[in-house]
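Novice: Next up is a structure, given as structure tokens.
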Amino acid sequence: MASKEYGVFLPIGNGGWMISETAPHPEATYAYNRRVAVEAEQIGLDFIMSMAKWKGFGGTTDHWGQTLESMTMMSALAEATSTVKIWATMHANIHHPAVAAKMFTTLQDVSGGRAGMNIVNGSYADEFQQMGLWDAELSHADRYRMTEEWTQAVGRLWTEDVVTMKSDFFTLDACESRPHPAARPTIISAGRSAAGRDFQAKYADGAFLSADNLDQMREFSRYVHDKGASHGREVKTYSMLTVVLDETDAKAEAKAARYGEGLDKEALIGMRTSWGIPADTARAWADGATGSEAFQTPYVTGGPQKVIEHIEQITAEAELDGLMLIFPDYHADMLPFGEAVLPALRGKS
Ligand SMILES: Cc1cc2nc3c(=O)[nH]c(=O)nc-3n(C[C@H](O)[C@H](O)[C@H](O)COP(=O)(O)O)c2cc1C
């Protein structure tokens, strides 16, 4: 079986992926992210990825109230690194495909062929309402149709000298975008819906899956693998995992419990309302939320052996090709992960 790929989700937004007053609070600065990227390469991770986020969730931690822009940051990180894959996020709803195509041709050149484009629809109204760029008429299915046309336009601009295209959402009139990338940038997609998985199977090289449990994750992973294959394509599947690592299981659990104590409920409400959940429903849910909600993704707590076993188990059971990792305190946590966990996952311990 091919070896698994591991990468890191960069903390491009303040607070990283912990919504808590008692968790470490990564800064949304280039200096912080640069160090994470360099360490990711140093310990032998395969990719670094950043999200694109335009509005935060408030609360006492001002969660993601500060974010850097993904493409600009990743372009700089391409210079700061030399082997790790560089995956940046692009919103199809706000960047014209001709602009995006050229940005990624440039990133592919800057990075020496390491560029990946995480294509997102732009699903969260508040981020775009504040810019006057939210089209409330578009349904979820319409947004995927728009993203599909966008992806086709970008693909053509990367390979054809002159593109004319009149679709429902985009017009290209003898549009030129040279040079073409020496190799097509990797396409990544992180949809969660059935439409998202169909998009992944048809266009993506890498699909980020989220599911309610491991059985469902395996079902989604199989679907994307098989549907991709029916289109004659290989699509790799990934999920996310936050790692709370310490010397012993007990120490790691105590650390996770401490992070949970300072849960920022206001920010949790802000996050859910931004997903479109009514404020009173979000507030009622947050009232009952426990410390584990401080983690935005599934997480593992433990000493090295427990973390190794957990990662091997979930990637095998859910038939995933890799994981994108999150660390509460990237600077403190990543090097120990690289020393005590990653070699075993690579079969080198
Ligand atoms: C790993 C991962 C990264 C994501 N990155 C972004 C992002 O940078 N910007 C964004 O607006 N949405 C992002 N999303 C949200 C997805 O694009 C998508 O809207 C969400 O998963 C809902 O899926 P659906 O569109 O299929 O309903 C991300 C999701 C995941 C799982």
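Novice: What residue, of 147, 171, 186, 164, is in contact with a Gly (Cβ under 6 Å, 6 or more places away or on another chain) and either within 16 Å of the ligand (Cβ to nearest atom) or over 30 Å from residue 81 (Cα atoms) (or both)?
Specialist: Values: 147 fails: in contact with a Gly (Cβ under 6 Å, 6 or more places away or on another chain); 171 fails: in contact with a Gly (Cβ under 6 Å, 6 or more places away or on another chain); 164 fails: in contact with a Gly (Cβ under 6 Å, 6 or more places away or on another chain).
The match here is 186.
Novice: Let me ask something else. Looking at segment 15-55 only, could you name the residues that are closer than 24 Å to residue 129 by Cβ and more than 13 Å from the ligand (Cβ to nearest atom)? I'd like the intermediate steps shown before the answer.
Specialist: Step one: filter segment 15-55 for residues closer than 24 Å to residue 129 by Cβ, giving 15, 19, 28, 50-55.
Listed by number, the residues that qualify are 15, 19, 28.
Novice: Suppose the filter is within 14 Å of the ligand (Cβ to nearest atom), in a loop (DSSP other than H, G, I, E, B), closer than 20 Å to residue 5 by Cβ and of a type outside the set (S, T, N, Q); does residue 191 pass it? Lay out the reasoning, then the answer.
Specialist: Numbers: within 14 Å of the ligand (Cβ to nearest atom): yes; in a loop (DSSP other than H, G, I, E, B): yes; closer than 20 Å to residue 5 by Cβ: yes; of a type outside the set (S, T, N, Q): yes.
Judged against the criteria, residue 191 is a match.
Novice: Can you spot a residue in segment 215-225 that is free of Cβ contacts under 8 Å to residues at least 12 places away in the same chain and surrounded by 14 or more Cβ atoms within 10 Å (Cβ to Cβ)?
Specialist: Of segment 215-225, the ones free of Cβ contacts under 8 Å to residues at least 12 places away in the same chain are 215-216, 219.
Now restrict to residues that are surrounded by 14 or more Cβ atoms within 10 Å (Cβ to Cβ): 219.
Yes, segment 215-225 has at least one match.
Novice: Go through segment 69-106 and give me each residue that's in a helix (DSSP H, G or I), away from the ligand (no atom under 16 Å from the Cβ) and within 23 Å of residue 149 (Cβ to Cβ).
Specialist: 97, 98, 99, 101, 102, 105, 106
Novice: Taking the options 143, 218, 184, name whichever one is more than 30 Å from residue 273 (Cβ to Cβ), in a helix (DSSP H, G or I) and modelled with pLDDT of 95 or more. Outline the logic, then answer.
Specialist: Numbers: 143 fails: more than 30 Å from residue 273 (Cβ to Cβ); 184 fails: in a helix (DSSP H, G or I).
Sole residue among the options that is more than 30 Å from residue 273 (Cβ to Cβ), in a helix (DSSP H, G or I) and modelled with pLDDT of 95 or more: 218.
Novice: Can you confirm whether segment 274-287 contains a residue that is in contact with a helix residue (DSSP H, G or I) (Cβ under 6 Å, 6 or more places away or on another chain), outside any strand (DSSP E or B) and in contact (Cβ under 8 Å) with a residue 24 or more places away in the chain?
Specialist: Filtering segment 274-287 down to residues in contact with a helix residue (DSSP H, G or I) (Cβ under 6 Å, 6 or more places away or on another chain) leaves 274, 279, 282-283, 286.
Remaining after also requiring outside any strand (DSSP E or B): 274, 279, 282-283, 286.
Then drop every residue that is not in contact (Cβ under 8 Å) with a residue 24 or more places away in the chain, which leaves 274.
Yes - at least one qualifying residue is present in segment 274-287.
Novice: Going by the conditions given, is residue 155 at negative phi, at pLDDT below 95 and not polar (S, T, N, Q)? Full working, then the answer.
Specialist: Numbers: at negative phi: yes; at pLDDT below 95: no; not polar (S, T, N, Q): yes.
Against the criterion (at negative phi, at pLDDT below 95 and not polar (S, T, N, Q)), residue 155 does not qualify.
Novice: Does at least one position in segment 128-137 carry a residue that is within 26 Å of residue 238 (Cα to Cα) and within 16 Å of the ligand (Cβ to nearest atom)?
Specialist: Within segment 128-137, the subset within 26 Å of residue 238 (Cα to Cα) is none.
No, segment 128-137 contains no residue that is within 26 Å of residue 238 (Cα to Cα) and within 16 Å of the ligand (Cβ to nearest atom).
Novice: Would you say residue 79 is acidic (Asp, Glu) and without any contact (Cβ under 8 Å) to a residue 60 or more places away in the chain?
Specialist: Values: acidic (Asp, Glu): yes; without any contact (Cβ under 8 Å) to a residue 60 or more places away in the chain: yes.
It is true that residue 79 is acidic (Asp, Glu) and without any contact (Cβ under 8 Å) to a residue 60 or more places away in the chain.
Novice: Looking at segment 1-36 only, could you name the residues that are assigned to a loop (DSSP other than H, G, I, E, B) and closer than 23 Å to residue 343 by Cα? Step through it out loud before you land on a result.
Specialist: So the first thing to find is which residues in segment 1-36 are assigned to a loop (DSSP other than H, G, I, E, B), and the list is 1-4, 10-12, 14-17, 19, 21-29.
Result: 1, 2, 3, 4, 10.
Novice: Got a sec? Which of 196, 122 is within 22 Å of residue 275 (Cα to Cα), in contact with a His (Cβ under 7 Å, 6 or more places away or on another chain) and either within 13 Å of the ligand (Cβ to nearest atom) or without any contact (Cβ under 8 Å) to a residue 12 or more places away in the chain (or both)?
Specialist: Details: 196 fails: in contact with a His (Cβ under 7 Å, 6 or more places away or on another chain).
From the options 196, 122, the qualifying one is 122.
Novice: Another question about this same structure. Pick from 321, 333, 329: which is modelled with pLDDT of 95 or more, under 25 Å from residue 35 (Cβ atoms) and buried (at least 18 other Cβ atoms within 10 Å of the Cβ)?
Specialist: Going through 321, 333, 329 in turn, just one is modelled with pLDDT of 95 or more, under 25 Å from residue 35 (Cβ atoms) and buried (at least 18 other Cβ atoms within 10 Å of the Cβ): 333.
Novice: Sort out which residues of segment 230-269 are charged (D, E, K, R) and in a loop (DSSP other than H, G, I, E, B), and write them in order of number. Outline the logic, then answer.
Specialist: Taking segment 230-269 first, the residues charged (D, E, K, R) are 233-234, 236, 246-247, 249, 251, 253, 255, 258, 261, 264-266.
Of everything in segment 230-269, those that are charged (D, E, K, R) and in a loop (DSSP other than H, G, I, E, B) turn out to be 233, 234, 246, 247, 264.
Novice: Hey, among the residues in segment 199-245 that are more than 14 Å from the ligand (Cβ to nearest atom) and of a type in the set (A, V, I, L, M, F, W, C), which one's nearest to residue 48 (Cα to Cα)?
Specialist: Restricting to residues being more than 14 Å from the ligand (Cβ to nearest atom) and of a type in the set (A, V, I, L, M, F, W, C), the top hit is 243.
Novice: Hey, could you check segment 174-183 for residues that are under 15 Å from residue 98 (Cα atoms) and not polar (S, T, N, Q) and say which is farthest from the ligand (Cβ to nearest atom)?
Specialist: Pass one, segment 174-183, residues under 15 Å from residue 98 (Cα atoms): 174-181.
Now drop any that are not not polar (S, T, N, Q), which leaves 174-176, 178-181.
Values: 174: 32, 175: 26, 176: 29, 178: 28, 179: 27, 180: 26, 181: 21 Å.
If we take residues in segment 174-183 being under 15 Å from residue 98 (Cα atoms) and not polar (S, T, N, Q), then 174 is farthest from the ligand (Cβ to nearest atom).
The values are calculated or read from the model by the stated rules, or taken from the named source; none is laboratory data. Keep in mind that this is a model prediction, so the values were computed, not measured. Virtual Cβ from ideal backbone geometry, glycine too; neighbours counted across all protein chains shown.
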